[in-house]
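Quick notes on the structure that follows.
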Amino acid sequence: MEAASRQIVAFTVVLSVLGMMLAVQYRDVTLGGAALFSSMPDIAGAVSRLDAVDAENHRILRQVRVTEQKINKLESQMIQEGGASSRALLLMRSAALLNGSTNVHGPGVTLTIQDGHLTGAAYEQFLTHDWDLRSVVNELFLAGADAVSINQVRITMQTGIFCIGPLIRVGDAKLGPPFVIRAIGNKTLLTDALNLPGGVLDALRAANRGLLVSKPVARADVQIPAAGGMG
C-alpha cells in the first residue's frame, strides 16, 4: 500500500513537470510563432522549427496520457484494497472535483439558455445576464452537482461570472449565447431541482424577457473539462 502511494506521488510529480513542459512549448508556438517568422528570412526553416515543436508537444502529451493511466490503475488498486490510504485517496478525489483540477465525466444534466430576439431600445433587457447564469449554477450546486460548466468552462469557487457588454465573462473566458450548462451528479435530483414549480428556470421563463430556456435533459454521460486547462 505504501509503495503504491509513493508511486502515485512520483507519477503526480512527473505529470506536473510534463504539464510545465507543455505550457512552455505552447507559449513558444502561440506567442513566438509570429516573431519567429518575422525574424527568420528562411521561411522553410521557421516552419521546420514549428513542426518540431508541435511534434515534441505530441510526444509529451502521449507521456501525460500514459502516466495518467498508471495513476488511475494504482488509485483503483488502493481503493479496492481499502484502508487509510484508500480513504485519503477518496478525499483527494473529492478535493479535485471541488477545485476543478481534473477532467470529469459521469451521469448528469444539460440545458441551454438563449437570448431573446427583441431589438431596439429595450435590447439589453432581452439579453442573458450574469445573474441568470449564476442562479442556475447555484441551484445545481445546491442540488448536489459534483461539477458544473458553462460552454465548456469549468465553474469552481474561484470562478467569477459577470457581464461585459453583450457578453458574459466566466473566469477568463468571454462567452456569448447560446449558453450550454452541463452538470454532473444525480440526474434525478438535478432535474427535479431545475424543474421545481416556481423555481429558477420558471423564473427565467416568466421574466417577460423572451429568454429561450430549454428543459433540462438527463444524460448518461456528461463530460466537463478541468478548470483553466488543468486536466
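The values are calculated or read from the model by the stated rules, or taken from the named source; none is laboratory data. Keep in mind that what you see is a predicted model, and the values were worked out from it rather than measured. Positions of Cβ are backbone-derived with ideal geometry, glycine not excepted, and every protein chain shown enters the neighbour counts.
Overview of results
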{"quantity": "Qualifying residues in the stretch 141-159 (those that are of a type in the set (G, A, S) and more than 18 Å from Q223 (Cβ to Cβ)) - the one modelled with the highest pLDDT", "calculated": "A143"}
{"quantity": "Residue match in the stretch 66-77 (condition: at negative phi, outside the structural domain of L196 (by the TED database), at pLDDT below 70 and of a type in the set (G, A, S))", "calculated": "yes"}
{"quantity": "Number of the exception - I181 against (1) out of contact with any Leu (no Cβ under 6 Å at 6 or more places or on another chain); (2) modelled with pLDDT of 95 or more", "calculated": "(1)"}
{"quantity": "Residue list for the stretch 189-228, restricted to those being at positive phi and surrounded by fewer than 13 Cβ atoms within 10 Å (Cβ to Cβ)", "calculated": "G198, N208"}
{"quantity": "Count of residues meeting criterion [more than 19 Å from the chain's Cα centre (by Cα), over 15 Å from T110 (Cβ atoms), assigned to a helix (DSSP H, G or I) and of a type in the set (A, V, I, L, M, F, W, C)] in the stretch 190-231", "calculated": "3"}
